[in-house]
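Below is one structure, written out as structure tokens; the observations come after it.
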Amino acid sequence: MAALTAIMLAGCDPSPSTAPHPASNQPPIESTTAEPRRGYEIPIPMMEYWEGTQVPKYTYEMRFDADGKLHRNGWAQAFYSSGNLEREGSYQFNPTEAQSDRVGLWTYYDPDGSVNRTEDRAGEPIWTAADQLVSAPGTAP
């Protein structure tokens with residue numbers, strides 16, 4: 001009976017076992033859905049303010065290029081010191097020229113908020129806006 005008790009107690013030992021766990025020989029299960037990465041698929045929203053105020057001066061999106069450097073790349077807005085919108089449109093990083101260019105439709109406003117003019121800068125705009133909620137002008141929200 002003492003031998004049987006010793007065998008049973010040995011099987012209940014709480015110390016970690018050195019024997020491999022049966023499932024440890026199997027490769028880990030990989031997720032089939034890729035998570036969007038901040039600065040790549042998800043832009044990094046930026047905001048600059050008029051000096052000494054909390055009135056926005058610029059809002060724009062930044063994204064990493066292939067070399068891991070941040071560039072203005074996506075939706076952008078500029079504001080008058082009154083807070084009224086001055087212009088809005090999209091930037092796209094041009095690696096050949098190492099600068100961000102205005103692309104797509106840009107809208108320019110007068111200080112009273114009325115549209116002054118629009119410019120089609122060609123190229124493929126990235127319409128996402130800083131909060132990821134603004135659709136391209138002329139499309140359903």
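None of the figures in this text is laboratory data; all of them are computed from the coordinates on show. Here the structure is a predicted model, which means the values were calculated and not measured. Reconstructed Cβ throughout: ideal geometry from the backbone, glycine too, with neighbour counts over all protein chains shown.
Given the Cα atoms of the range 44-120, and with Rh set as the inverse mean 1/r over their pairs in the Kirkwood sense, what is Rg to Rh to two decimals?
Details: Rg = 13.6 Å, Rh = 13.3 Å.
Answer for the range 44-120: 1.02.
If packing is taken as the average count of other Cβ atoms within 10 Å, what order do 67-80, 99-112 fall into, highest mean first? Could you put the intermediate results ahead of the total?
On the way: 67-80: 17.4, 99-112: 15.8.
Listed from highest to lowest mean packing, they are 67-80, 99-112.
Extension gain VAL55-ASN116, at 0.36 nm per residue separation less the Cα-Cα distance, in nm?
Using 0.36 nm per residue and subtracting the Cα-Cα distance, I get 19.8 nm.
What's the center-to-center distance, using Cα atoms, between the range 37-68 and the range 85-115 in Å?
14
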